Amino acid sequence: MKYVYLIRSISNPERRYIGITSNVENRINEHNSGKSFHTSKFKPWKLIAYVAFENHKTAIEFERYLKTGSGIAFANRHLWWA
């Protein structure tokens, strides 16, 4: 399984990150321990949502979609509200 996940910085809530992984819990721990260059300065992070995909290609396509204009609007309406 592949997971597309959305996290929000606890210390700086306007900072958001969307990623893809095969192990959500491990990946969040990596973000919170500073192992990810792009997210290390805004830790700690809180998991907001994740979507599971059986197909790796579909997961990649969904992650890319969430980073487009219409995908950002979709995520703002349906995923980031938590």
Just to be sure I understand the model, the point goes 7 Å from the Cα along the line to the Cβ. What's the resulting residue 54 to residue 68 distance in nm?
2.5 nm
For volume of the Cα convex hull per residue in Å³, which listed value, [x] 103; [y] 86; [z] 112, comes from the coordinates shown?
[y]
Per residue of the chain, what 222 nm ellipticity follows from adding -39500 (n - 2.57) for every DSSP H run with n ≥ 4, rounded to the nearest 500?
-11000 deg cm²/dmol
Nearest 5 percent is fine: what portion of the DSSP beta bridges confined to the chain is antiparallel?
100 percent
For region 2-78, calculate the relative contact order in percent as a whole number, restricting contacts to Cα pairs under 8 Å that are 6 or more residues apart.
36 percent
Any residue on another chain or 5+ positions along whose placed amide H is under 5 Å from the amide H of residue 20 is listed here as 5
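Bear in mind that the values in this text are calculations on the coordinates, not laboratory data. Note that this is a predicted model, so its numbers are computed, not measured. Reconstructed Cβ throughout: ideal geometry from the backbone, glycine too, with neighbour counts over all protein chains shown.
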